Structure formats: structure tokens, C-alpha cells
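Please read the structure below before turning to the comments.
The values are calculated or read from the model by the stated rules, or taken from the named source; none is laboratory data. These figures come from a predicted structure and were not determined experimentally. Counting neighbours? That spans all protein chains shown, and the Cβs are built from the backbone with ideal geometry, glycine included.
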Amino acid sequence: MTTAATPLAASAPQAMDHPGPPWRATARRIAGASAAGAAARPLLRAEPGNSLLTALLSARLDKLASGIERIDLRAGALLHLPGDALSHVYFPLTAIISSQHLLGDGCEAEVSSIGNEGVAGLGACLAADGACARQLVVSAGGQACRVPLSTVRRALQRPGPALGAMLRYAQSELIQTGQLSACNCHHGTMQRACRWLLYLHARRPAGVIDITHDALAGMLGVRRESVTEVIRRLREMDVLRSGRGWLAVDDAAALQRNACECYALLRDELARLRADLQRYASAPAYRYRAALLAPASRSGRTSLSPAHFLFPR
């Protein structure tokens, strides 16, 4: 059953309106997270469609479930600027969110892409002060679940399956960040663009991807003209079709032949992550055992035994 709720406002976040450093003028040109028609309501455990969120809900976090809102995000929407307070984290369903470092001259550099396996705002979930130093931009539009940061942080305050699932995702994001750093240093624009397009296609194998040349250039850290040339060459090879603000992959095999080795490595890590999160999601309520007091030590003092959390293997 679902509960009725008032649709969320369809305007851009107010954080975009205040003045700031010069680079914010560049960031504001893509601002405007559209939530038109989104309904805020509790979600059933089987409903979300995000691997990490499903694993967290399986830990019986009732407060987390009641705080979830399903929202629509359009391509190019700016969700967070570094230095601003992050009030919510985002679990993509069909949307894809780019986590970026923003340089002083306004240039962006993607350090990770978040799809329906993870969460945008991981650093704020795990940081002592809840700060998020990265820019969050919607690279491909779609739906996401939005949860108050404070709710997620409370759910992670004690050891258990929820914290274990979040740390496993953090490990995967570190792997992705390292791989993308090496990719950006050693692979050409064509290879990296094909790798990124395969990443999108894997999540929408039969659908149109709403992404602009500007957005793709920002993901890759190259000029828009370079992306336009890559798209033109791929169209001539009958690998994809494209129009204003959209593209569709027709030949994924050819796209993979032109991609760098990083795609296969990231794809395999994503498969391992999903399998691990599925194990957390399908686990029964975790069992906890702890002896009240350990045997007295030689000094005559007593101490508490460590707690043990048992997970399925």
C-alpha cells in the first residue's frame, strides 16, 4: 500500500541562487533538478530497484524506509555544489549521477558514475561532519530515490548489515575512482567516450539515452568539439544514432571494440558488487552475540568480549 503525498516542487534548488566563487557561474548553467510529478511516499522493500538501497532496507531500517522520496531528475541537473550543505543523498533507479571534482576555472573532472547499484553522496554518509566535497550532476535523466542524509547517517551508526553493505559499496567506488584516474591519463577521447557510452547502454539496453554533448564533454573532461567529432565518427560507423540531447546505441559490440580495457574491468567489478549487495539483501535479520564479561585477566580486571555479527557466505 502507498500513502498519498503532495508532489515535490518542480523548481531548481535554492542553493543555486546565492552568489559564490567564479566557477559557480559555470555550474549554474546546468542547474535545475526537476522533480515534477514525483510523489513522496514510503517504498516497499521489494520496490526500490537500487541494489544498495534494497540491501539497506533489508536490514529492517524502518526510519530509512519512511524517509524515502521517489523523484524525477532531468539530464544536466545540478544536485550539489562542493562547499554547500548536503541535505539528501540520492539512490538512482533509472537516472545516472556523476560525482565530479570542480576546478577553480570551472572545469569538471568525473571521478565516479553512480547508477542503480549505489548512492550519490557517499562521502557525506561516512564523513564525521557529513560534508561532501564533490559536485553531483545528473548525467542521464531518470528516476531516483532521495533520502535525508541525517536518516542514512543514523542508520550507519552501529555495526551490522547496513554498515557492511555501505562499506562494500565504498570499496567499489574507490576501485572505480582509481580505474578512471588511470583511464583519463592513458586513453584517448574515443576510447573513453565508448567506455562511458557502454556504461550508459548497460543500464538502458533498449532505450534512448538523454544526454547532451556538453554533458558528455564534462564527464570526460574534454572540449565539446571533441565529443561532437567522436559522435560523428560513431554515427558514420553505424554504431549509434543521435539527435539534439539524445542518443541510442545500435551496435554495442562495435562500441566495445572501440572502448578501452577499463570498461571490462569496471563491468566485472560492478557484477561483483551487485552479487555482494544481493547477499546482504537476502540475508535474514543478523544475529548478534556478545558475552557479558570475558574471563578475568591476569591483572584481575574484566573486559567485554568483542561483538560478532554473522553474515551468510
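Scanning the stretch 173-185 for residues that are touching a residue at least 40 places away in the same chain (Cβ under 8 Å) and farther than 16 Å from Ile97 by Cα, we see that the one that is surrounded by the most Cβ atoms within 10 Å (Cβ to Cβ) is Cys183.
Would you check if there is a residue in the stretch 49-57 being of a type in the set (Gly, Ala, Ser), in contact with an Asp or Glu (Cβ under 6 Å, 6 or more places away or on another chain) and not in a strand (DSSP E or B)? Yes. Among the residues of the stretch 250-262, those that are part of a helix (DSSP H, G or I) and in contact (Cβ under 8 Å) with a residue 40 or more places away in the chain comprise Ala252, Leu255, Gln256, Asn258, Cys262.
Quick check on this structure: which one of Leu273, Leu265, Leu247 is modelled with pLDDT of 90 or more and either part of a loop (DSSP other than H, G, I, E, B) or buried (at least 20 other Cβ atoms within 10 Å of the Cβ) (or both)? Every option except Leu273 fails the conditions. Taken across the stretch 221-231, residues that are surrounded by 13 or more Cβ atoms within 10 Å (Cβ to Cβ), within 14 Å of Leu200 (Cβ to Cβ) and small (Gly, Ala, Ser) do not occur at all.
Among the numbered conditions (1) exposed (fewer than 14 other Cβ atoms within 10 Å of the Cβ); (2) within 19 Å of the chain's Cα centre (by Cα); (3) not in a helix (DSSP H, G or I), the only one that Leu167 does not meet is (3).
Residues that are of a type in the set (Val, Ile, Thr), at pLDDT 90 or above, in a helix (DSSP H, G or I) and not assigned by TED's automatic domain parsing to the domain that holds Trp246: does the stretch 152-161 have at least one?
Going through the stretch 152-161, the residues of a type in the set (Val, Ile, Thr) turn out to be 152.
Among the residues that remain, those that are also at pLDDT 90 or above are: 152.
Within this subset, residues satisfying the condition of being in a helix (DSSP H, G or I) are 152.
If we keep only those that are not assigned by TED's automatic domain parsing to the domain that holds Trp246 as well, we get 152.
Yes, some residue in the stretch 152-161 is of a type in the set (Val, Ile, Thr), at pLDDT 90 or above, in a helix (DSSP H, G or I) and not assigned by TED's automatic domain parsing to the domain that holds Trp246.
So is Ser87 in contact with a helix residue (DSSP H, G or I) (Cβ under 9 Å, 6 or more places away or on another chain), over 19 Å from Tyr199 (Cα atoms), without any contact (Cβ under 8 Å) to a residue 40 or more places away in the chain and surrounded by fewer than 22 Cβ atoms within 10 Å (Cβ to Cβ) or not? Considered against the rule, which asks whether it is in contact with a helix residue (DSSP H, G or I) (Cβ under 9 Å, 6 or more places away or on another chain), over 19 Å from Tyr199 (Cα atoms), without any contact (Cβ under 8 Å) to a residue 40 or more places away in the chain and surrounded by fewer than 22 Cβ atoms within 10 Å (Cβ to Cβ), Ser87 comes out as no. Only residues that are modelled with pLDDT under 90, in a loop (DSSP other than H, G, I, E, B) and more than 17 Å from Leu200 (Cα to Cα) were counted across the stretch 87-119, and they come to 5.
Among the conditions (1) touching a Cys at 6+ places or on another chain (Cβ under 6 Å); (2) surrounded by fewer than 21 Cβ atoms within 10 Å (Cβ to Cβ), Pro82 misses just one, which is (1).
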